[in-house]
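The values are calculated or read from the model by the stated rules, or taken from the named source; none is laboratory data. Here the structure is a predicted model, which is why all the values come from computation and not from measurement. Cβ placement follows ideal geometry from the backbone for every residue including glycine, while neighbour counts extend to all protein chains displayed. All accessible areas refer to the heavy atoms of the entire protein, side chains included, with ligands and DNA or RNA removed. Shrake-Rupley method; radii C 1.70, N 1.55, O 1.52, S 1.80 Å.
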Amino acid sequence: MRPASLLRRAAAIVALTLLTGACADEAALHGLVRDQPLEVGGFALPDVTNPSLRAGGIVDGGRLLMRAASPDRLLLVYFGFLNCPDVCPTTLADLRSALTLLDEAQRGRVDLAFITVDPDRDGPEELAAYLRHFAPQHHAVRAPAAELAPVMDAFLASSTVEVQEDGTVDVAHTAVLYAVDTDGRVVVEWPFGTSATMLAEDLAILLADAAAGA
């Protein structure tokens, strides 16, 4: 099976799993909401972004904590890789479009963390050049596979990197965009294919709720 097919199948499986456990909040949000949110705030990974380009997330000792920087902010987390032919750039382009539908104050409260699942090929400079196309203020996160694994487990995400006999590298990964609050809880999960308009509407709701509770 080709990597793109694996990605779409993974997204479908995640969507079906989440739908069975969705709560009433799903009526107001396009994304998927769990009855028991994933707890990811206890994890941190190396942030290799140029400090002048970092978003407002919590970076401690060069490591990005998997939680929003303050109660009125959101941290969006995405696992992907630079050579992804379609799913990653499509998701990030949809997010870029969604952010343009928000007002300036709202955009300033959304931080993006892109976590590469292919750290052997995705270097810091390449990650920075890539992410500039989608989020001028961002977190490029790069960690060895052994360090990345427990973080992905916490998000119930997965990835595989396989080198074929001809040298071709096949990468597959969970195609979900996660919204994390200040307590390190995943409040919404958007599977691949969620439109920019839907993302923007959900972000506006989440940011309003965050501001009200701050």
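Find all pairs meeting these conditions: Cβ atoms under 7 angstrom apart; at least six residues apart or on different chains; first residue within segment 29-52 and without any contact (Cβ under 8 Å) to a residue 60 or more places away in the chain; second residue surrounded by 17 or more Cβ atoms within 10 Å (Cβ to Cβ) and not small (G, A, S). From segment 29-52, the pairs are A44/L64; A44/L65; A44/M66. Among the residues of segment 144-190, those that are β-branched (V, I, T) and at pLDDT 95 or above comprise V151, V176, V180, T182, V186, V187, V188.
Here segment 26-49 is the region considered, the condition is being part of a loop (DSSP other than H, G, I, E, B) and in contact with a helix residue (DSSP H, G or I) (Cβ under 6 Å, 6 or more places away or on another chain), and the residue that is most open to solvent (accessible area, probe 1.4 Å) is H30. Kindly indicate whether any position in segment 91-110 is modelled with pLDDT of 95 or more, open to solvent by less than 50 Å² (accessible area, probe 1.4 Å), within 17 Å of M152 (Cα to Cα) and out of contact with any Lys or Arg (no Cβ under 6 Å at 6 or more places or on another chain). There is no residue in segment 91-110 that is modelled with pLDDT of 95 or more, open to solvent by less than 50 Å² (accessible area, probe 1.4 Å), within 17 Å of M152 (Cα to Cα) and out of contact with any Lys or Arg (no Cβ under 6 Å at 6 or more places or on another chain).
Residues in segment 163-185 that are over 22 Å from G108 (Cβ atoms), open to solvent by less than 40 Å² (accessible area, probe 1.4 Å) and either in a loop (DSSP other than H, G, I, E, B) or aliphatic (A, V, I, L, M) (or both): V171, A172, T174, A175, V176.
Scan segment 193-214 for residues that are open to solvent by 10 Å² or more (accessible area, probe 1.4 Å) and closer than 23 Å to Q36 by Cβ and the total you get is 7.
Taking the criterion of being under 16 Å from Y178 (Cα atoms) and in a loop (DSSP other than H, G, I, E, B), the residues of segment 56-77 that qualify are G57, M66, R67, A68, A69, R73. Within segment 142-156, being closer than 25 Å to V33 by Cα, open to solvent by less than 50 Å² (accessible area, probe 1.4 Å) and not in a helix (DSSP H, G or I) holds for one residue alone: F155. Inside segment 50-68, can you point out the residues that are of a type in the set (A, V, I, L, M) and surrounded by fewer than 22 Cβ atoms within 10 Å (Cβ to Cβ)? Scanning segment 50-68 gives L53, I58, V59, L65.
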